[in-house]
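A short write-up of the structure that comes next.
Computed from the coordinates by the stated procedures, all read-outs in this text should not be read as laboratory data. Just so you know, these numbers come straight off a predicted model, no measurement behind them. For neighbour counting, all protein chains shown are included, and Cβ atoms are generated from backbone atoms with ideal geometry for every residue, glycine included.
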Amino acid sequence: MTVSRIVLAGGSTGQVLSKVDGADHNVEWTTPGAGAGITELTGDATAGPGTGAQAVVVVAIQGQPVSTTAPSSGDVLTWDGAQWEAATGGGGGLTEYQARRRIIFAGAL
């Protein structure tokens, strides 16, 4: 009877399996370096390099900058022509009359 191992024998606490080269199944146990985790993010979101929990900061949306000013409760994300920023909601909702009228007409269908 042939026994196949799913995970390579050996290793110790905290080690991970790493590819040695491009050959299939050629792996070894290694100890992650001090910079394990997020190496670095660039582009619309940034983080790292570093260890442990790291904050990811969105600095752009589809390449367009995001303001660094913190939003207030109830703010919405808007485009001011140069950057995305928090702003007071425009109140584009229905008035009470419009909402009731839509409910009445929807019920008649």
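If you plug the beta carbon distance of Trp29 and Thr88 into 1/(1 + (r/R0)^6) with R0 = 41 Å, you get a FRET efficiency near 0.15. The packing ranking, built from the mean of other Cβ atoms within 10 Å per residue, places the peptides 60-67, 9-16 in the order 60-67, 9-16, highest first.
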